[in-house]
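The values are calculated or read from the model by the stated rules, or taken from the named source; none is laboratory data. Model, not experiment: these values are computed from the prediction. A quick note on method: Cβ atoms are made from the backbone with ideal geometry, for glycine too, and the neighbour counts reach across all protein chains shown. Heads up: the accessible areas ignore ligands, DNA and RNA and are worked out on the full protein's heavy atoms, side chains in. Shrake-Rupley method; radii C 1.70, N 1.55, O 1.52, S 1.80 Å.
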Amino acid sequence: IRFAFEGRFAAAAGAIVAAAVIDGLDGRIARLLKATSRFGAEFDSLSDFLCFGVAPALVLYFWTLEAWRGFGYAPCLLFAVCAALRLARFNSALDAGPGPAYRQHFFTGVPAPAGAIIVLLPIYLALLGFPRVPGLVCVYTLGIAFLLVSTLPVLSGKKLGTRVPREMVLPVFVAVVLFVALLVGYPWHVLSIGSILYIAALPLGWLSYRGYAQKDALATQAASA
């Protein structure tokens, strides 16, 4: 947020991406240290709202939508509100029970960290030399806000990397190092391509969820027959 006030939008975008990386590690570190608690979960959600709801909205507003006054502020405000609703729904789902096993592979709607990264796609493209188009930025921001609160099943990836076969350790390690090197050397290229691919892959999550649901329904019918 301070970088956005100072007009340092590349640094602001980088800080939000760094926050998303840290968000992916804090829960794992807490479980490793056996320091998980309900307080920690609630505090994590408050932090997520600031980092992935308020901060991206303000960055976009100060970057190009400030000139539109209220019309530019409205989609930014809606994005922050949708991020809050997304996090509240996630917290309330923790008390609702696990449900079918296959649901553990999916989020309901785009998660807040991913939404914060992909909503900044117009900034990544501008840093690569593409023109700013405030009208498209408004529409795009509204679209990502809708994805946050939608019921679209999104692959979570939580089961990936929990157990890597021994023969795949070296290739996975090389791939991770290569990705990090590309991200450091060509951050806006990698973030732009990654954001576009993430959005393009959303229908695959829905198709996968539908397949799991159909198999579960058939198994239930066979068990009751």
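Yes or no, residue by residue, for (1) within 21 Å of Phe146 (Cα to Cα); (2) surrounded by 13 or more Cβ atoms within 10 Å (Cβ to Cβ):
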{"residue": "Leu25", "(1), (2)": "no, no"}
{"residue": "Lys34", "(1), (2)": "no, no"}
{"residue": "Asp44", "(1), (2)": "no, yes"}
{"residue": "Pro56", "(1), (2)": "yes, yes"}
{"residue": "Leu60", "(1), (2)": "yes, yes"}
{"residue": "Trp63", "(1), (2)": "no, yes"}
{"residue": "Glu66", "(1), (2)": "no, yes"}
{"residue": "Ala74", "(1), (2)": "yes, yes"}
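Give the residue that is modelled with the lowest pLDDT, with candidates limited to residues of the stretch 194-224 that are farther than 20 Å from Tyr124 by Cβ, open to solvent by 100 Å² or more (accessible area, probe 1.4 Å) and not polar (S, T, N, Q).
Restricting to residues being farther than 20 Å from Tyr124 by Cβ, open to solvent by 100 Å² or more (accessible area, probe 1.4 Å) and not polar (S, T, N, Q), the top hit is Leu218.
Residue under question is Phe49, and the condition is that it be open to solvent by 40 Å² or more (accessible area, probe 1.4 Å), out of contact with any strand residue (DSSP E or B) (no Cβ under 6 Å at 6 or more places or on another chain), in contact (Cβ under 8 Å) with a residue 24 or more places away in the chain and of a type in the set (Phe, Trp, Tyr); does it hold?
yes
Let's see how each residue does on (1) touching a Gly at 6+ places or on another chain (Cβ under 6 Å); (2) modelled with pLDDT of 95 or more; (3) over 24 Å from Trp63 (Cβ atoms); (4) polar (S, T, N, Q):
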| site | (1), (2), (3), (4) |
| --- | --- |
| Ile118 | no, yes, no, no |
| Pro134 | no, no, no, no |
| Gly143 | no, yes, no, no |
| Pro165 | no, no, yes, no |
| Val176 | no, no, yes, no |
| Val180 | no, no, yes, no |
| Ser192 | no, yes, no, yes |
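With Val184, Val176, Val190 as the choices, which residue is surrounded by 14 or more Cβ atoms within 10 Å (Cβ to Cβ) and not in a loop (DSSP other than H, G, I, E, B)?
Val190
Are there any pairs, at least 6 apart or on different chains, whose C-beta atoms fall under 9 Å, with the first in the stretch 106-120 and touching a residue at least 60 places away in the same chain (Cβ under 8 Å) and outside any strand (DSSP E or B) and the second among the basic types (Lys, Arg) and crowded, with 22+ Cβ neighbours inside 10 Å, and if so, which?
Within 9 Å, the pairs are Val110/Arg86; Ala112/Arg86; Gly115/Arg86.
So which of Arg8, Arg86 ends up being basic (Lys, Arg) and crowded, with 20+ Cβ neighbours inside 10 Å?
Arg86
Considering (1) under 19 Å from Ala213 (Cβ atoms); (2) out of contact with any Pro (no Cβ under 7 Å at 6 or more places or on another chain), say which one Phe106 fails and leave the rest.
(2)
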